[in-house]
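To keep things clear, I will list the structure first and then write my remarks on it.
The values are calculated or read from the model by the stated rules, or taken from the named source; none is laboratory data. Just so it is clear, the structure is predicted and the values come from calculations on it, not from any experiment. Counting neighbours? That spans all protein chains shown, and the Cβs are built from the backbone with ideal geometry, glycine included.
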Amino acid sequence: MFSIIVPTFNNLDYLKLCLESIKKNSAFNHEIIIHINEGKDGTKSFLEKTNYKFSYSEKNSGVCVAFNEAVKRANKKYIVLAHDDMYFCPNWDRVFQSELMKLPENSDFFLSGTMVQPFESYINLNCGDTIDNFDEKKLLSELPKIKFDDFQGTHWQPSLIPLKTWDKVGGFSEEFSPGLGSDPDFNMKLWKIGVRLFKGLGKCRVYHFSSLSLRKKAWNNGARTFLLKWGISIKFFKKYYLRSDQVFEDSLSEPKKSLNYYIALVKCKISFFYYSIIKNF
């Protein structure tokens, strides 16, 4: 049904758990495509013995390049962007499929699931912060008891978008490598082509062990790159454009230009000119 894209960076045990969760907790059959960064922990040799599609970088290229390379091999109408440190919970794909049935044919949109994490998050449920202390039984028994509304302005994975929409914006911008700031940048590119449905689905859930791949590589200054590219901050974009984390009501409209909007915009412009001057010295 979907092409599921999973970058991985020397994270074989988590990748195996991720793949196993997709296998046993999916209602439909999916195409899974993995991008291996380095793979010196045995990931490459493991995947070579399976039927999974994969792309490969000898050195760690970061998640932006990884997503872009793996999506080139996708054959389904819709792609799901994920990470190797995610455990897919039961019915995740059925929730996505149900939402798709409500949407006009050939529309552009961005849907996401909801992350369950062992610290303050969308859904806070401590079932372990590493694979060694992961309590799968607790997760599967306790999670159905937790209610969580659909929410507005999502930009996180796991995310579902049409492949044609991905192609329209050219995937992830690799100037954000290894990855910080790439998610809101991707959503800004979607906004620029007219996408207004950014919806997080409260019943589509993954357990997330929290950015293990990014922990292994020096971080980029994604906030500054975003500001210099778009002239506004990520915080401004999320608050006034995406209206992030509000309860979902409908597709988004243009930002409401209140006094607070203009004050925040002026602050963005001051920061933009400041960093533009620094960049030129």
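I'd like to check something: does segment 143-150 contain any residue that is of a type outside the set (G, A, S), at pLDDT 95 or above, outside any loop (DSSP other than H, G, I, E, B) and surrounded by fewer than 16 Cβ atoms within 10 Å (Cβ to Cβ)? Scanning segment 143-150, I find at least one residue that is of a type outside the set (G, A, S), at pLDDT 95 or above, outside any loop (DSSP other than H, G, I, E, B) and surrounded by fewer than 16 Cβ atoms within 10 Å (Cβ to Cβ), so the answer is yes. Listed by first and then second residue, the pairs linking a residue in segment 32-55 that is closer than 8 Å to N10 by Cα and among the basic types (K, R) to a residue that is buried (at least 17 other Cβ atoms within 10 Å of the Cβ) and at pLDDT below 95, with Cβ atoms under 9 Å apart and 6 or more places separating them unless they lie on different chains, are K40/N10. Looking only at residues in segment 10-36 that are in a loop (DSSP other than H, G, I, E, B) and farther than 21 Å from V95 by Cβ, the one that is nearest to the chain's Cα centre (by Cα) is N11. The single residue among Y240, Y207 that is modelled with pLDDT of 95 or more and assigned to a helix (DSSP H, G or I) turns out to be Y240. L227 passes every criterion in (1) over 14 Å from the mean Cα position of the chain (by Cα); (2) surrounded by fewer than 17 Cβ atoms within 10 Å (Cβ to Cβ); (3) touching a residue at least 24 places away in the same chain (Cβ under 8 Å) apart from (2).
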